[in-house]
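Just below is one structure, and these are the notes that go with it.
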Amino acid sequence: MPYLYYICDVFTDTRFGGNPLAVLPEAEGLSDTQMQQIAREFNFSESTFVSPLEAGHTRKVRIFTPTMEVPFAGHPNVGTAFTLATAGAFGTFDTSIPVTFEEKSGLVPITINKREGNAIWCGLAAPQRLSLGKTISAEFMASIISSEGLIEVDP
């Protein structure tokens, strides 16, 4: 079965100037393994796979790097929203529309704005607040980065 895909450059208005992203806007039917293989083939930092909604939101989006699936990332959400809006997936709109992507990390609210000259800009909120893991002591870090065990090379 053939699958449509788009390549977009996120965070730029210059072709080949931004952060590249592959977007498959209708990825239903692809297995986890197939999505991973496709992401590896594109070899961009991320590729997104869009499916119809499951929990009553706008779309389900899965994000894959060339080696693994990630629960959330900023530029793939911006690029996917932009691509879907540009392709007409959300219908026509004059100023802005809210969409919500269902992702592994939770719900991602995105606002798609149309500005002068029909330029489309997207903004998002992270699905969860930043949480930090364990704190590493200064003494432990110092022991890791000390000169012991390092090899010096003369220039």
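Values quoted throughout were computed directly from the atomic coordinates according to the rules given, and no laboratory measurement underlies them. All figures in this text were calculated on a predicted structure; none of them were measured in a lab. Here the Cβ is made from the backbone with ideal geometry for all residues, glycine too, and neighbour counts use every protein chain on show.
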Exercise for the section: Can you spot the lysines whose alpha carbon is less than 28 Å from LYS60's alpha carbon? Ignore those fewer than 8 places along the same chain. Expected result: LYS104, LYS114
Completion exercise
Nearest 10, in degrees from 0 to 90: the angle of helix 32-42 to the longest Cα principal axis of the chain is 80 degrees
Practice task
Can you tell me the FRET efficiency between ALA87 and LYS134 if r is taken as the Cβ-Cβ distance and R0 is 30 Å, rounded to the nearest 0.05?
Solution key: 0.10
Problem - Segment ARG40-SER105, length gained on full extension (0.36 nm per residue, minus Cα span) - result: 21.2 nm
Fill in the blank from the handout: Calculated from DSSP helices alone, with each H run of at least 4 adding -39500 (n - 2.57) and the total divided by the residues of the chain, [θ]222 nm to the nearest 500 comes to -6000 deg cm²/dmol
Handout entry: region 1-95: trypsin sites (Lys or Arg not before Pro) falling in loop per DSSP and having at most 11 other Cβ within 10 Å
Key = ARG15
Practice task
Quick one: among ILE120, ILE110, ILE136, which has the greatest mean-square fluctuation in a GNM of the chain with alpha-carbon springs under 10 angstrom?
Solution key: ILE136
Handout entry: Folded to 0 to 90 degrees: helix 74-86 orientation relative to the chain principal axis, Cα
Key = 10 degrees
Fill in the blank from the handout: Exposed-loop cut sites defined as GluC sites (Glu not before Pro) in DSSP loop states with at most 15 other Cβ within 10 angstrom; longest site-free run of the chain spans 55-147
Handout entry: Dmax and Rg, reported as Rg then Dmax, of the chain (C-alpha, Å)
Key = 19.6, 64
Completion exercise
When the chain is treated as a Gaussian network with springs between alpha carbons less than 10 Å apart, the largest mean-square fluctuation among SER47, SER96, SER143 is found at SER143
